[in-house]
Structure formats: C-alpha cells, structure tokens
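This report concerns only the one structure given below.
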Amino acid sequence: MREKDKTLGKKRITIKDIAEQVGVSYGTVHRALYGKKGVGEELRNKILRTAAESGYIPNEAAAALKRKMQRILVAIPGPHAQNRFFYSHVWQGFRDYANEFGNYNFDIIEIPYYNVSGNRVEEELASAYRHYEGDIDGIIVAGPLSEAAHAALRTFAKKDIAIVMITDKSSDALASVLANYEVTGRLAAELLTGQLSQGDKVLVLAGDMQVPNHSLVTQGFADYLEEHKTGIECVYIYAYGDKHIAQIETRIIELLKEDSSIRAAFSVNARCSVILSEVIRRQGYAGKLKVVGSDVFEENVQSMKDGVMQNIICKHPYEQAYQATKIMFEYLIRGVVPVQRTHYVESNVIFNSNLSMYLK
C-alpha cells in the first residue's frame, strides 16, 4: 500500500518527458520503446533505461497495438517533375508526422497521382477501395480536386470513412488544412503597393481559374488594390500546367516589351514562379521589376539570392500536411473530432534577410 501511495499526486510520465530528458525526438522514443527500426542499440538502451527509471507506464500506445489495424489512404500529387516545387513538401510533412507514430497499428497506403487519364485521384481512390473491399478507415487527400474528385469523396464520407483534406476543402471532410488564399493574395498586394505608384501595372500570373487556390489568391490580390484605391492596374496571364509553359513564357515576354508601365510581377503559384523568374533572368529584367513569387524551393531561393525575385509568399505546404496528418491520427487513435472544420496555416512574406529561417 505504501508503494502505491508514493505515486499519488505525481505527474504521469509521458513519452514527451522521456524525449526531453534524453534529448531526442518523440518519434525516436516511440521506436525505441516498441522495438522499431531506426534507433541504434546504445541509444535504445539509454531510452529504455530512462523510461524505467522515470516510472513510465505505456497506456494508449499499447492499447493501440491491440486494436484492429486501421487503413489510411494518402492521395497527394506525386512529388516529381514540377509537382516537386510544392507537393514534395506536402509529402514530407505527412511522412514526418506519420513516422513519429510508427508504433500504432496503421496500414498506410500512399497514392501519388498526376491527374492524367488512368491516374486521376478519384480513379486511384476508387481502385484502392475495391482492392481493400471497403476496409478503409481514413483518407488524406491533397491537390486541386475536380468535381469528379469531390463527388468521389462525398461517396466515401457517406460510408463513414474519415476524410482530411490538404490545400482544398469540402463540407464532407472531417477537417481541411490550407492557407487562407484570399488573405495570401491581399498580403502580396499590400507588399507591392508600398513599392509602386499610381498608374503602375502588375503582371499577375494567375494560373488556372478552375483551381480554387489560384483563383482565390488572384481575387484577394485584386480586391486589395481596388479597396485601397491604389490606382495600380493588374495585367493577367491565365494559364497553368506543363503543356502551357511555352505559352506563358511567350506572353510574359510580349507584355513586358509592349507595356513599359508594368513595374512588378506576382505569381500566385509555385510553378508559374519558376517560369516568371526564368523569363526575367533571360530577358535582362532582373532588378528592373519588383517580383513576388510563391513558395520556398530551390529555384525560388536561388532567384531571391540572384536578385531576380525580391519576395516569396510562403504558404507552408509542409505545415499544412503535418497538421492534417495529426488531425487524422488523433481522430482514429483517440476519437478526437476537431472543433473547427477548416484550419488555416499562416502565410508569410519572405525577404532575403529572413530567407535562412525558412530553409531546412
């Protein structure tokens, strides 16, 4: 009885406490405690010794191992070709969170897709559903989704499959994690307004107006200029995707040659940021235009360093995916239903002076 009394009123030791004591990540402690790969023998013994000395008692993790395996489909645009500018970070955010909880009884099926015939997200999800005979507990999905894709998700939601979305949203989802696109556009407009004069024009690479995160950023940008009576006009290029690269390049060159009042340029998405920077570099406009791009990746970083691009609007794709995965795991493991259906990740303005803070 006395031994029991010693523990009364004491704070329960958690994996977080052990991680802080040893100076490692939560994921490393998880793997060490549950015999997973990726931890050296010496470090594993140190973690096990610290856990024992601290009085750590496994609870929900052990219970989770005894529960039925839960299957999650993860459908994100494949991280190759031009998708890598944005979606490689989405994949990394998902994988980093998932790896922290490798001890839980999950079967995670990764589905990279490129939205071409035979590899559209709705086709891939339907195929997986048939393959696993409907034994699906959750779906994490990212990317610009078509009406057909949204219809497929509605079908899955009616079958009580939890859906968490990244970069897009739906009333059928348990939760959606994305940037506030309208605010993002307004942020870029406010940034450029302080550097331009009435009568100046901004070249806006607006992407595809059927893609909500393009159209909403574009609308937010235009709304800010109009509401604040800046007298700054937008000149738009509406095109997106690999097959339109030459078209976009040609149009940028034409507009810059034809209209000397274009003093700045803004790309609402990562892919067009690369195209814009390459044209400005080749055509000798570097330093002559105020250029704002979207998202942090190798090409944009180099453009900043070279003075081709002055600012980047970062929508934090890694954080979007990390938070979305956390929501799904907490729902399936603990039954935690998010209070908010839509979770916004903050967008930030990057300058050369703070660029290093956003590099991994």
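The values are calculated or read from the model by the stated rules, or taken from the named source; none is laboratory data. Note that the coordinates shown come from a computational prediction; the quantities given were computed from them, not determined experimentally. As a convention, Cβ positions derive from the backbone with ideal geometry for all residues, glycine included, and neighbour counts pool all protein chains shown. Heavy atoms of the whole protein, side chains included, go into the accessibility calculation; ligands, DNA and RNA do not. Shrake-Rupley method; radii C 1.70, N 1.55, O 1.52, S 1.80 Å.
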Rounded to the nearest 10 degrees, the helix 41-54 long axis (Cα) sits at an angle to the longest Cα principal axis of the chain of 60 degrees
A chain fully extended from GLN198 to LYS288 at 0.36 nm per residue, minus the present Cα-Cα distance, gains in nm 30.6 nm
With label points set 7 Å from each Cα along the Cα-to-Cβ direction at ASN99 and ARG281, the distance between them in nm comes to 2.9 nm
For the pair GLN340 and ASP172, the simple spin-label estimate (label points 7 Å beyond Cα toward Cβ) gives in nm 2.4 nm
On the accessible surface of the chain, probed at 1.4 Å with all protein chains in place, carbon and sulfur together account for a percent value of 49 percent
Net charge near ALA270 (other residues with Cβ under 14 Å of its Cβ; Lys, Arg +1; Asp, Glu -1) is -3
Only helices counted: for the chain, with every DSSP H run of 4 or more residues adding -39500 (n - 2.57) and the sum spread over all residues, [θ] at 222 nm is -14000 deg cm²/dmol
Between SER146 and GLN210, the two model label points (7 Å from Cα along the beta-carbon direction) sit apart by a distance in nm of 0.7 nm
The extension gain from LYS229 to ASN119, computed as 0.36 nm times the residue separation minus the Cα-Cα distance, is 35.0 nm
